[in-house]
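Enquirer: The structure is given below, and queries will be raised subsequently.
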Amino acid sequence: MPLDVIDIRGFYASALGRVTRDCLTLALREAWPRTQGLSVMGLGFAIPYLDLFRSEADRVISLMPERQGVIEWPQGGPSASILAAPSALPFPDSSIDRALVIHALETQDRPQDLLNELWRVLSPGGHAILIAPNRRGLWARIDRTPFGHGQPFSRRQLTDLLREALLSPVRWSEGLHFPPFGGSLLVRLAPALEAAGHALALPFSGVHIVEATKLLYRPVTVTKSVTRRAALAPVLLPAPSPRRLDETPL
């Protein structure tokens, strides 16, 4: 069962949640240094990260899964949050330039449906960043955070899911190299541990961060065709019976 939106909001209000947001925000800014003139969509519970783009993107919208619930965002001004089914996003084809998917893929019964719909709404050349729990990491094994709920993934599993949806991975990174505990000492050390984890490329991070782009054409496998020629087979007919010399023709 996915976490309720109130539980996820409570996590990001904690000290551990704030340092989590700060570390992942750095990774997002590195991947997308500029979003001027673009439309940005957050899918799942992305609102802790969408403020990064509000001052520059043309449009920023937060979509929250119907099973999770929805909260108003941003505080003050017109609401830009929508309750929607991840398998039926309320946007026209090719209308989104950038999509951030977090706290969404791992809670879906059919994650492929979400990715197929993501492909549909992305514009040609559009990019998506997916942040999903690492099945080898400590964060996926402890349910004190939102990353400890749902189905964690290996890098191979994410790659297969993306390619099946015609989304091509173009950048991989890892995040949350510090342990998912809220002690004051660990929270203070979290930025240093995160930097060390990136520098050493440690394999047991908390989350995978993958950026993918939309493929416009389905790849076609060319196979060698074999043309079978018709073979002439002999047809055997019964031989005529020999006629006796003393027989008189009729």
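Enquirer: Within segment 92-110, how many residues are farther than 22 Å from P48 by Cβ and of a type outside the set (D, E, K, R)? Walk me through it before giving the result.
Expert: Step one: of segment 92-110, the residues farther than 22 Å from P48 by Cβ are 92-95, 109-110.
Okay, now just the ones that are also of a type outside the set (D, E, K, R), so 92, 94-95.
So the answer is 3.
Okay, residues lined up against (1) under 30 Å from A192 (Cα atoms); (2) of a type in the set (F, W, Y); (3) in contact (Cβ under 8 Å) with a residue 60 or more places away in the chain:
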residue: I6; (1), (2), (3): yes, no, yes
residue: F11; (1), (2), (3): yes, yes, yes
residue: V19; (1), (2), (3): yes, no, yes
residue: R29; (1), (2), (3): yes, no, no
residue: L38; (1), (2), (3): no, no, yes
residue: Y49; (1), (2), (3): yes, yes, no
residue: I61; (1), (2), (3): no, no, no
residue: M64; (1), (2), (3): no, no, no
residue: G76; (1), (2), (3): no, no, no
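Enquirer: List the helices (runs of 4 or more DSSP H) inside segment 89-204, counting only whole elements, that have at least 2 residues being among the charged types (D, E, K, R), surrounded by fewer than 24 Cβ atoms within 10 Å (Cβ to Cβ) and in contact (Cβ under 8 Å) with a residue 24 or more places away in the chain.
Expert: Details: elements: 111-121, 155-164, 184-200.
Here the list reads 111-121, 155-164.
Enquirer: Still on this structure: Answer yes or no: is there a residue in segment 55-66 that is among the small types (G, A, S), more than 16 Å from F147 (Cβ to Cβ) and open to solvent by less than 50 Å² (accessible area, probe 1.4 Å). I'd like the intermediate steps shown before the answer.
Expert: Residues of segment 55-66 that are among the small types (G, A, S), as a first pass: 55, 57, 62.
In the following step, the residues that additionally are more than 16 Å from F147 (Cβ to Cβ) were identified as 55, 57, 62.
Those still in the list that are open to solvent by less than 50 Å² (accessible area, probe 1.4 Å) too: 57, 62.
Yes, there is a match, as at least one residue in segment 55-66 is among the small types (G, A, S), more than 16 Å from F147 (Cβ to Cβ) and open to solvent by less than 50 Å² (accessible area, probe 1.4 Å).
Enquirer: Just checking, does segment 210-221 include any residue being at pLDDT 80 or above, out of contact with any helix residue (DSSP H, G or I) (no Cβ under 7 Å at 6 or more places or on another chain) and over 30 Å from D93 (Cα atoms)?
Expert: Kept after step one, since they are at pLDDT 80 or above, are these residues of segment 210-221: 210-216.
Of the ones still in play, those that are also out of contact with any helix residue (DSSP H, G or I) (no Cβ under 7 Å at 6 or more places or on another chain) are 213, 215-216.
Now drop any that are not over 30 Å from D93 (Cα atoms), which leaves none.
No, segment 210-221 has no match at all.
Enquirer: Could I ask something else about it? Which ones in segment 175-195 are touching a Phe, Trp or Tyr at 6+ places or on another chain (Cβ under 9 Å) and either within 17 Å of L105 (Cα to Cα) or of a type in the set (D, E, K, R) (or both)?
Expert: Applying the first criterion (touching a Phe, Trp or Tyr at 6+ places or on another chain (Cβ under 9 Å)) to segment 175-195 yields 176-177, 179-180, 186-187, 189-194.
Passing the criteria: only E194.
Enquirer: What tally of residues in segment 67-88 results from selecting those that are within 22 Å of L3 (Cβ to Cβ) and open to solvent by 50 Å² or more (accessible area, probe 1.4 Å)? I'd like the intermediate steps shown before the answer.
Expert: Going through segment 67-88, the residues within 22 Å of L3 (Cβ to Cβ) turn out to be 67-75, 79-88.
Checking which are open to solvent by 50 Å² or more (accessible area, probe 1.4 Å) leaves us with 67, 70, 72, 75, 79, 82-83, 87-88.
Looking only at that region, the number is 9.
The values are calculated or read from the model by the stated rules, or taken from the named source; none is laboratory data. Nothing here was measured: the structure is a model prediction, and the numbers come from that model. Note that we place each Cβ from the backbone using ideal geometry, even for glycine, and neighbour counts take in every protein chain shown. Protein only, heavy atoms only, side chains kept; ligands, DNA and RNA dropped before computing areas. Shrake-Rupley method; radii C 1.70, N 1.55, O 1.52, S 1.80 Å.
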